[in-house]
Amino acid sequence: MNHFKNIENLYFIGIGGIGMSALARYFNSLGKQVAGYDKTPTSLTRSLEEEGVQVFYKDEIEVIPESFSNTENTLIIYTPAIPKDSKQYNYFIQQEFQLKKRAVVLGMITEGVFTLAVAGTHGKTTTTAILGHLLKETGAKVTAFLGGISEDIQSNLILNGNEVMVVEADEFDRSFLNLSPNIAAITSMDADHLDIYGAPEELIKSFKDFAALIPENGTLFVKNGLPLKGGTIGIEDNADYSAQNITVKNGTYHFDLITPTITIANLKFSLPGKHNLLNAITALAIAIHYGSPTNELARALYSFKGVKRRFTYRLKTADRVLIDDYAHHPAEIAAVHQAVREMHHGKKAIAVFQPHLFSRTKDFADEFAESLSKFDEVLLLDIYPARELPMEGITSEWLLHKIKNQHKKLIQKEEIINELNLSECPVIVMMGAGDIGEEIIKVEKNFKDEN
């Protein structure tokens, strides 16, 4: 924390991002003056404003408060997702302010503090949230930076002391190489972010580089089968930490956890899907290794409510189920499908999917088509561009042709409610990392108003 001793003001460019807003909350809690810019108001930016953080929605120099004009005591934190022609970004560079990437600042905060880091192309947000919850509930003095909003605290930041830090280690832009983890986990290494990495081999190399950051007296946990040395995590297999004797009762997993030293019997976990169960086992392995009291872990795990937009039930009645999920990669869509079939056996399910990034759609078109084809019906939205410009020939219509499902349709956002009313599927799954999260609020309201 000595890094920030002389910093009184922090200005965030892209403050509404999930990782950025957690940092903003953290510095705000320390009594620093925090402000920032983002394109549009969201539930995240509104929460920040309620906590006393100033948020501006115009990329103009004149909105920057006068109190942020001192280059000596002001730090500018930016996200790699901001466009390089941002007026505020270029102003701060020209005026020779201190500018640092979000990932670098997170690395500086965790330096010198015992750090538990969770990496992986999928699963890291939920695993980090479970781990932070387990530590908080069992009395650890923990600060946790989460990549999603925990339903338990309605925040992406746990502030319960500073003896141990829990962080989500993000592979995007190789951000996680700024961290200094003592105990780490890698949940998955599926190809993704090929717009950054170029080839899957480069992505795998960066995960190996991340693993190499762990000191000799540290520990790495990996999903069983990954080409890395470490304690293994699995489900009904020979992993070092494995869930055994699994049953599902009323939508809750009951299982025993086998570890190299002890067995913890009759654990209960309420997030649907084997992928979430694997996340729970990973979090348990790290917590046990860190030294959390094992006799309290069962209660802590059962009380975990989940992460927003990670298989979140927006509606759950006898005749209609509405599920909200952040899934934006084929493997994540397949995991959601598995959970739907397990938890809503025999019921027809319709998927509403908004592809995220032209590059990702191009790189994994066949895999997207395969995972989406498993649903009974598919409604496809236009590609959400995020930080990218359109690519010739890469459209949702092109992707739709690849989906092997008779009940498929390309629609606009304003048609979602009408199309869902026409469908006979009782289970609706809305997926994507773009602004589909805002659309689901309208869908939920429509169905609730009907009743």
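The values are calculated or read from the model by the stated rules, or taken from the named source; none is laboratory data. Small disclaimer: the values here were computed from a predicted structure and weren't measured. So basically every Cβ, Gly included, is an ideal-geometry build from the backbone, and we count neighbours across all protein chains shown. Please note that ligands, DNA and RNA were not included when accessible areas were found on the heavy atoms of the full protein model with its side chains. Shrake-Rupley method; radii C 1.70, N 1.55, O 1.52, S 1.80 Å.
Things to note:
- The residues of segment 53-81 that are touching a helix residue (DSSP H, G or I) at 6+ places or on another chain (Cβ under 7 Å), in contact (Cβ under 8 Å) with a residue 60 or more places away in the chain and hydrophobic (A, V, I, L, M, F, W, C), listed by number, are 76, 77.
- Residue in segment 189-205 that is more than 30 Å from residue 341 (Cβ to Cβ), modelled with pLDDT under 90, in contact with a Ser or Thr (Cβ under 8 Å, 6 or more places away or on another chain) and among the hydroxyl-bearing types (Ser, Thr, Tyr) present: yes
- Options 413, 362, 404, 374; residue that is open to solvent by 10 Å² or more (accessible area, probe 1.4 Å), more than 18 Å from residue 328 (Cα to Cα) and of a type in the set (Lys, Arg): 404
- Residue satisfying condition, being under 25 Å from the mean Cα position of the chain (by Cα), surrounded by fewer than 20 Cβ atoms within 10 Å (Cβ to Cβ) and in a helix (DSSP H, G or I), within set 62, 49: 49
- Whichever residue in segment 298-340 is of a type in the set (A, V, I, L, M), in a helix (DSSP H, G or I) and within 26 Å of residue 417 (Cβ to Cβ) and, among such residues, is modelled with the lowest pLDDT: 339
- Meets criteria (open to solvent by less than 70 Å² (accessible area, probe 1.4 Å), at pLDDT 95 or above and closer than 24 Å to residue 153 by Cβ) for residue 19: no
- Checking each residue in segment 163-178 for being farther than 16 Å from residue 287 by Cα, outside any helix (DSSP H, G or I) and of a type outside the set (Asp, Glu) picks out only 169.
- Filtering 139, 148 for residues that are outside any helix (DSSP H, G or I), open to solvent by 50 Å² or more (accessible area, probe 1.4 Å) and under 30 Å from residue 297 (Cα atoms) leaves a single hit, 139.
- Those helices (runs of 4 or more DSSP H) of segment 345-451 in which at least 3 residues are under 18 Å from residue 327 (Cβ atoms), without any contact (Cβ under 8 Å) to a residue 60 or more places away in the chain and of a type in the set (A, V, I, L, M, F, W, C), considering only elements entirely within it, cover 365-373.
- Boolean, residue 124 is open to solvent by 10 Å² or more (accessible area, probe 1.4 Å), among the basic types (Lys, Arg), under 11 Å from the mean Cα position of the chain (by Cα) and closer than 13 Å to residue 283 by Cα: yes
- Condition check for residue 7: part of a loop (DSSP other than H, G, I, E, B), open to solvent by less than 40 Å² (accessible area, probe 1.4 Å) and farther than 30 Å from residue 436 by Cβ: yes
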